[in-house]
Amino acid sequence: MSSTNRSNARDSHIADYYVTPQKAIREFLIQFQKDENINLSSQQHYILDPCAWWDKENDMSYPAVLFEMWADYNKIITNDLREDSPAQYHCDFITNTQQRKYDIVITNPPFNEAQKIIEKALECTMKWWYVIMLLRLNYFWWKVRQNFWKKYMPIRTYIHNRRMSFTPDWKTDSVEYCHVIWKKEENPDFIKTKILFDFK
C-alpha cells in the first residue's frame, strides 16, 4: 500500500483507521522518560489523547500502553470524534473548549490536521510539560510550516528506524515515522534527535 493511499485513509477521520503499534509506543515512552528524567509511575499526571481512535479488534493505542506501563487510568483522558467510540469525550478537539490543563498531550494525529492539533495541544498543556505527536519524518520538510517551526520548535525527536505497520497484515509503506516532543514555554534553537532501534 502506498504512503499516499494510506495517508488519505487516515485523513478521512472516519472511514478507515490505522492502529498505532503499541510496541513502538512502549519503547518510545521508556526512552522518553529516561531522557527527560520524569516518572510517569507516580500516577499524578493528567494525560490527554485527543485523537484516541480505536476499532473492534484493537484498544486505543496510547491509553492502553500508558495504563499498562504507568499511568492512573482515571487520569488518562480520551477524545474521539466518533459517537460509537469508548472514549470519554466525543468532540472536535481543535474547536472544543478544554476544561483543564494537562501534563501531557499525546496522540497520532490525522496528517492534514496535525499542525492545528499541535497548536491546540500546546494551549491546553501545563507550563514546562509536554506535547507528543507521532508524525511522518517528512513533516519537517514542508516549506509551508516554516513559520510554525520558528514559533514552536520541538525539544526532541525520536526516529523509529523501522517502518511501522499500521495494518493487521504487518505490511509497511514508504513512510518513516518519529515521535516529536514539545515542551511548553521552551523554544530551542535546535532539536535533540535520537534513533530508536528495532521496535519490531
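Just so you know, in the range 104-126 the residues that are within 19 Å of C178 (Cα to Cα) and of a type in the set (D, E) include one that is surrounded by the fewest Cβ atoms within 10 Å (Cβ to Cβ), and it is E119.
Screening the candidates N112, N108, N79 for the property of being in contact with a strand residue (DSSP E or B) (Cβ under 8 Å, 6 or more places away or on another chain), within 25 Å of I155 (Cβ to Cβ), in contact (Cβ under 8 Å) with a residue 60 or more places away in the chain and not aliphatic (A, V, I, L, M) yields one hit, N108. Exactly one residue among Y158, Y89 is hydroxyl-bearing (S, T, Y), at pLDDT 95 or above, closer than 23 Å to N58 by Cβ and surrounded by 15 or more Cβ atoms within 10 Å (Cβ to Cβ), and that residue is Y158.
With respect to (1) surrounded by fewer than 18 Cβ atoms within 10 Å (Cβ to Cβ); (2) in contact with a Pro (Cβ under 8 Å, 6 or more places away or on another chain), the lone exception for M69 is condition (2).
If you take the residues of the range 105-147 that are in a strand (DSSP E or B) and of a type in the set (K, R), which of them is nearest to D80 (Cα to Cα)? Looking at residues that are in a strand (DSSP E or B) and of a type in the set (K, R), I get R136.
T20 falls short on exactly one of the conditions (1) touching a residue at least 40 places away in the same chain (Cβ under 8 Å); (2) of a type in the set (S, T, Y); (3) surrounded by fewer than 14 Cβ atoms within 10 Å (Cβ to Cβ), and that condition is (3).
Residues in the range 5-25 include at least one that is more than 23 Å from Y102 (Cβ to Cβ), at pLDDT 75 or above and not in a loop (DSSP other than H, G, I, E, B).
The values are calculated or read from the model by the stated rules, or taken from the named source; none is laboratory data. Since the model is a prediction, treat every value here as computed from it, not as a measurement. Note that each Cβ is placed from the backbone with ideal geometry, even for glycine, and that neighbours are counted across all protein chains shown.
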